[in-house]
Amino acid sequence: MIHNIEQNIEKIKNLLSTYLTPDEIKNRLELIEKINQLKKEKNAVILGHNYMTPDVFYGVSDFTGDSLYLSEQAAKTNADIIIFNGVYFMAETAKILNPEKKVLIADETAGCSLSESVKPEQLKKFRRENPGIPVISYINSSAEVKALSDIICTSANAVKVINSVKEDTVLFLPDSYLAANVQKETSKKIITWNGKCMVHELFTPFDIELSKKTFPGVHIIAHPECNPEITKIADFTGSTSQIQKYVEQKRPDKIFLLTECSMGENIKARFPEIQFVSTCQMCPHMKKINLDMIYHSITNEKFEINVEPEIIEKARISLNRMFEIN
Ligand code: CIZ
Ligand code: SF4
């Protein structure tokens with residue numbers, strides 16, 4: 001999504017007024033203004049993942065969406081600096097696709113339980129022991145792991161990517177739940193890795209049962225990083241961009257959204273008539289990126305993402321294979 005930040009300011013004031021004092025709102029709005037001013041002065045572009053809080057999402061992000069869409073936008077920009085508001089592997093992906101640009105992340109410790117579950121050495125060992133098995137890596141993986149993979153995929157195109165290889169068996173890493181969800185839709189044999197998203201793994205089928213009892217008629221929408229026992233009973237399962245499209249088209253009255261909390265808040269800001277019920281889960285990594293850290297980042301041009309040129313080259317080949325399939 002492309003944002004008109006000026007027009008978003010009223011939306012932000014309304015959103016913040018539900019949980020901040022007038023003074024706190026004033027501070028946030030001042031910070032938003034300062035960041036946007038520095039952005040102009042430094043010819044920077046700010047990208048915001050769907051899991052960013054509404055003040056970051058609507059207040060300072062020029063583009064919002066999933067990690068791949070944002071990296072693609074970065075590739076088209078004339079800006080000198082790209083500030084990626086998301087987690088580390090996402091900023092790395094933007095760097096791989098834009099090696100000549102300065103890519104910054106506001107907090108370099110914003111990791112991801114999935115990308116951290118694969119050590120390059122483990123993958124090298126698998127490759128040595130299993131020659132001929134293609135390695136398909138979810139975009140939630142480090143640059144080094146991407147470089148060691150044959151093809152990259154997102155949760156939106158995983159089935160298509162897996163079906164594109166000629167071999168009958170593939171290694172799919174690192175998300176074992178996403179692998180199990182994809183396995184339901186392909187005849188290829190998927191060897192899985194032992195990775196899980198620490199946010200989506202917290203949802204249980206019991207949450208859905210309870211939600212259905214408490215809120216009759218509730219629409220259950222899940223992310224494919226959730227347990228397959230959940231996606232089996234959900235009304236819709238999709239990546240964050242697919243969820244957004246689905247909600248825009250269907251406009252259900254009541255939704256239980258089984259994904260990161262800010263996703264629901266950002267949708268709610270556009271469609272206030274939709275009621276989001278039941279609990280959401282927060283990603284502690286995504287929540288490290290806030291207005292204070294972004295202000296620090298753009299002021300001091302920190303923290304710069306650096307990836308070895310040969311890793312960039314190899315990782316880019318794996319990413320380009322995905323673009324060709326798409
Ligand atoms: O690639 C992304 O942005 C992730 C990790 C989630 C999604 O479903 O969009
Ligand atoms: Fe990683 Fe899960 Fe956080 Fe996304 S929500 S960054 S997959 S830990």
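The values are calculated or read from the model by the stated rules, or taken from the named source; none is laboratory data. Predicted model only: the values in this text are computed from it and were never measured. Neighbour counts are summed over all protein chains in view; Cβ atoms, including those assigned to glycine, are modelled from backbone coordinates with ideal geometry.
Figures for the structure shown
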{"read-out": "Filter pass, G65 being of a type outside the set (V, I, T), under 30 Å from T18 (Cβ atoms) and buried (at least 23 other Cβ atoms within 10 Å of the Cβ)", "value": "no"}
{"read-out": "Lone unmet requirement of (1) farther than 18 Å from P120 by Cα; (2) touching a residue at least 12 places away in the same chain (Cβ under 8 Å) for K213", "value": "(2)"}
{"read-out": "Residues satisfying the stated conditions in the stretch 278-293, i.e. among the aliphatic types (A, V, I, L, M) and more than 10 Å from ligand 2 (Cβ to nearest atom)", "value": "I289, L291, M293"}
{"read-out": "Some residue of the stretch 20-28 being away from ligand 1 (no atom under 16 Å from the Cβ), in contact with a helix residue (DSSP H, G or I) (Cβ under 7 Å, 6 or more places away or on another chain) and closer than 15 Å to H296 by Cα", "value": "yes"}
{"read-out": "Selection count, the stretch 253-285, where residues are within 14 Å of ligand 1 (Cβ to nearest atom) and of a type in the set (D, E, K, R)", "value": "1"}
{"read-out": "Top-ranked residue of the stretch 247-264 - restricted to ones that are surrounded by fewer than 20 Cβ atoms within 10 Å (Cβ to Cβ) and closer than 21 Å to Y58 by Cβ, ranked as farthest from the chain's Cα centre (by Cα)", "value": "R251"}
{"read-out": "Wholly within the stretch 246-326, helices (runs of 4 or more DSSP H) carrying at least 3 residues that are in contact with a Leu (Cβ under 7 Å, 6 or more places away or on another chain)", "value": "261-270, 291-300"}
{"read-out": "Residue that is surrounded by the fewest Cβ atoms within 10 Å (Cβ to Cβ) [pool: residues in the stretch 103-142 that are within 16 Å of ligand 2 (Cβ to nearest atom) and over 17 Å from G195 (Cα atoms)]", "value": "T109"}
{"read-out": "All positions within the stretch 282-292 that are surrounded by 18 or more Cβ atoms within 10 Å (Cβ to Cβ) and touching a strand residue (DSSP E or B) at 6+ places or on another chain (Cβ under 7 Å)", "value": "C283, M286, I289"}
{"read-out": "Residue in the stretch 71-85 that is surrounded by the fewest Cβ atoms within 10 Å (Cβ to Cβ), counting only those that are modelled with pLDDT of 95 or more and either within 16 Å of ligand 2 (Cβ to nearest atom) or closer than 19 Å to K245 by Cα (or both)", "value": "F84"}
{"read-out": "Filtered residue count, the stretch 194-207, keeping only those that are surrounded by fewer than 21 Cβ atoms within 10 Å (Cβ to Cβ) and either under 22 Å from K245 (Cβ atoms) or of a type in the set (A, V, I, L, M, F, W, C) (or both)", "value": "3"}
{"read-out": "Single residue of L68, L31, L16 found to be farther than 21 Å from A106 by Cα and aliphatic (A, V, I, L, M)", "value": "L16"}
